[in-house]
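*Asks:* Below is one structure. I have some questions about it.
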Amino acid sequence: MMLSKSKIASIRDTLNSEFPFRQVQINTLSNFFLNEDGVLPPCVFIHGPPSTGKTSLVTRLLYLLKKSVKSSIVNSICCYTSRLLFEPILKDLLEVKQSNIPNRCDYFMQFLNILKHAEIQQERVIIVLDNCEMLGQEHMVLFSKLQELIKSYQFSVIFISQVVPAKFNEDINFIPIVFEQYNSDDVSIILSRDKPNNWSLSIYQNFLNVFMGSFYGSCRDLVELRHLAKLLFIKYVEPIADGSCAEINQTLLFRKISPSIHFLLNNVYLGSSLENINSLSDEKTKFEKLALDLPYYAKYFLIAAYIASFNLPKYDRQLFVKSSNKKRKTDRLNNKTENSASQLVGPKVFSLDRLLAIFYAIIEENTNMTANLLAQINTLSDLGLLIRLGDGKLDTPKYRCSVSFDCVSNIARTVKFNLNKYLIDK
């Protein structure tokens with residue numbers, strides 16, 4: 001079904017209103033896919049940084065063309081076998097259930113034959129392969145030549161990728177379309193569209209000035225910025241809503257929102273929630289959330305580090321040497337007062353050798369010491385869960401545990417380790 005000039009103009013206007021700052025890309029796509037003669041380009045390659053509107057724009061265009069074009073959009077990340085690539089496309093184009101496809105389609109020649117014999121030869125067909133870099137060079141070459149192989153000018157393939165075309169095989173013939181990164185002014189205008197209805201544009205614009213100045217240098221991802229702006233605006237207007245601050249007092253509003261800004265800057269891309277922002281002052285919560293996601297052996301290293309920091313070295317033998325088990329209970333009662341007093345000075349420094357000795361004593365399984373295993377100690381140090389003292393060049397590295405008992409206790413429960421059994425004062 002051919003498109004009328006009025007319909008083409010309507011689709012262009014809709015796309016331009018929904019996707020600001022993409023007029024060049026919209027015009028290019030319109031020239032290719034909204035033409036009146038029905039001829040489609042063999043292959044179009046859309047590329048650009050993440051969150052620049054590539055997939056959203058193409059998806060919206062195909063939705064507006066659904067009455068005149070058959071289409072299929074496939075996320076190539078999910079296509080780890082050829083069958084998972086070909087059969088969803090056939091399901092969309094043939095408008096049948098995937099189980100009703102005549103035969104298993106594991107090979108490109110099978111896929112091609114089914115398309116050739118399907119009753120869609122006289123229809124316009126667009127296949128979109130998102131994240132196409134996951135397909136592999138062979139499949140990309142074949143899909144780029146699909147129009148030639150089917151011998152129909154009404155078949156077209158759209159590749160979408162964050163990877164620049166120069167990284168791909170030279171045999172892939174395509175028409176490139178670039179989606180550039182939004183600049184700060186573009187992002188501000190796009191974010192202004194998310195203004196809540198119950199607040200004035202001036203308040204929201206003042207908020208965006210603060211928000212963009214704080215976050216645009218650290219994050220250019222529009223999806224993430226919209227998420228962060230939504231979270232932060234709720235905190236921004238709290239003083240205005242409760243009457244503790246006037247909306248014109250920008251200095252005080254910024255001062256009140258600064259802790260929330262610092263928290264979110266440290267948690268970009270981590271899906272921070274309002275509940276986390278409301279517990280900004282609780283550093284323990286931040287450490288616990290981080291520590292619970294640690295790898296298996298890193299958890300044991302952190303448990304060993306806590307034991308080394310809060311037990312005096314002279315008790316290691318009676319706690320970890322099996323021949324000392326019988327006298328452990330009595331000695332613990334006698335030593336509780338002495339060791340409890342040592343808690344007042346906080347966590348103590350321990351050597352790497354002692355950390356490794358305790359680690360092997362508590363893990364109760366044969367684990368070879370490898371570079372990857374030792375690297376987890378450095379990871380704990382980089383995360384701030386262990387504090388490394390000295391440069392370690394002239395002497396054995398020394399550390400101190402920086403997390404609380406509640407945090408380590410939660411970690412110990414995830415590996416079913418009885419921490420209290422190995423603490424003198426517990």
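The values are calculated or read from the model by the stated rules, or taken from the named source; none is laboratory data. The structure displayed is predicted, hence computed values, not measured ones. Backbone-built Cβ (ideal geometry, glycine too); neighbour counts: all protein chains shown. The area values use the complete protein model at the heavy-atom level, side chains included, leaving out ligands, DNA and RNA. Shrake-Rupley method; radii C 1.70, N 1.55, O 1.52, S 1.80 Å.
*Asks:* Given the conditions (1) without any contact (Cβ under 8 Å) to a residue 24 or more places away in the chain; (2) open to solvent by less than 10 Å² (accessible area, probe 1.4 Å), which single one is not true for Ser161?
*Replies:* Here Ser161 meets the rest and fails (1).
*Asks:* Is it true that some residue in segment 8-24 is in a strand (DSSP E or B) and open to solvent by 20 Å² or more (accessible area, probe 1.4 Å)?
*Replies:* From segment 8-24, those in a strand (DSSP E or B) are none; that's our starting set.
No - not one qualifying residue is present in segment 8-24.
*Asks:* Out of segment 222-251, which residues are open to solvent by 30 Å² or more (accessible area, probe 1.4 Å) and either within 26 Å of Glu180 (Cα to Cα) or not in a helix (DSSP H, G or I) (or both)?
*Replies:* Of everything in segment 222-251, those that are open to solvent by 30 Å² or more (accessible area, probe 1.4 Å) and either within 26 Å of Glu180 (Cα to Cα) or not in a helix (DSSP H, G or I) (or both) turn out to be Val223, Arg226, His227, Lys230, Asp242, Gly243, Ser244, Ala246, Glu247, Ile248, Asn249.
*Asks:* Quick one: in segment 203-221, which of the residues that are modelled with pLDDT of 90 or more and polar (S, T, N, Q) is most open to solvent (accessible area, probe 1.4 Å)?
*Replies:* Asn209
*Asks:* I need every pair where a residue in segment 109-138 that is in contact (Cβ under 8 Å) with a residue 12 or more places away in the chain has its Cβ under 7 Å from the Cβ of a residue that is in a strand (DSSP E or B) and open to solvent by 50 Å² or more (accessible area, probe 1.4 Å), sequence separation at least 6 or different chains.
*Replies:* Filtered contacts from segment 109-138: Val128/Ile73; Asp130/Ile73; Asp130/Asn75; Asn131/Asn75.
*Asks:* Here's another thing I want to ask about it. Can you run down the residue pairs with Cβ atoms below 9 Å, 6 or more apart or on separate chains, where the first is in segment 23-39 and modelled with pLDDT of 95 or more and the partner is among the hydrophobic types (A, V, I, L, M, F, W, C) and assigned to a loop (DSSP other than H, G, I, E, B)?
*Replies:* Matching pairs, first to second residue: Gln25/Phe19; Gln25/Phe179; Ile26/Phe19.
*Asks:* Here's another thing I want to ask about it. Of all residues in segment 177-199, which are within 12 Å of Pro49 (Cβ to Cβ) and not in a loop (DSSP other than H, G, I, E, B)?
*Replies:* Once the filter is applied, which keeps residues that are within 12 Å of Pro49 (Cβ to Cβ) and not in a loop (DSSP other than H, G, I, E, B), segment 177-199 yields only Val178.
*Asks:* Based on what the data block shows, is Val268 at pLDDT below 85 and β-branched (Val, Ile, Thr)?
*Replies:* Numbers: at pLDDT below 85: yes; β-branched (Val, Ile, Thr): yes.
When the stated conditions are applied, Val268 passes them.
*Asks:* Can you report the number of residues in segment 283-317 which are modelled with pLDDT of 70 or more and either touching a Leu at 6+ places or on another chain (Cβ under 8 Å) or open to solvent by less than 20 Å² (accessible area, probe 1.4 Å) (or both)?
*Replies:* Qualifying residue count for the region: 16.
*Asks:* Within segment 369-420, which residues are closer than 15 Å to Val349 by Cβ, open to solvent by less than 70 Å² (accessible area, probe 1.4 Å) and modelled with pLDDT under 85?
*Replies:* The answer is Leu389, Gly390, Gly392, Thr396, Pro397, Ser402.
*Asks:* Restricting attention to segment 138-158, which residues are surrounded by fewer than 21 Cβ atoms within 10 Å (Cβ to Cβ) and not charged (D, E, K, R)? Don't jump to the end; show me each part of the working.
*Replies:* Quick first cut of segment 138-158, residues surrounded by fewer than 21 Cβ atoms within 10 Å (Cβ to Cβ) only: 138-139, 141-142, 145-154.
If the condition is that a residue be surrounded by fewer than 21 Cβ atoms within 10 Å (Cβ to Cβ) and not charged (D, E, K, R), then His139, Val141, Leu142, Leu146, Gln147, Leu149, Ile150, Ser152, Tyr153, Gln154 are the ones that fit.
*Asks:* Related question: Looking for whichever is surrounded by 14 or more Cβ atoms within 10 Å (Cβ to Cβ) and more than 29 Å from the chain's Cα centre (by Cα) here; the options are Leu115, Leu135. Which one fits? Break it down stepwise before answering.
*Replies:* Working: Leu135 fails: more than 29 Å from the chain's Cα centre (by Cα).
None of the other options fit; the residue is Leu115.
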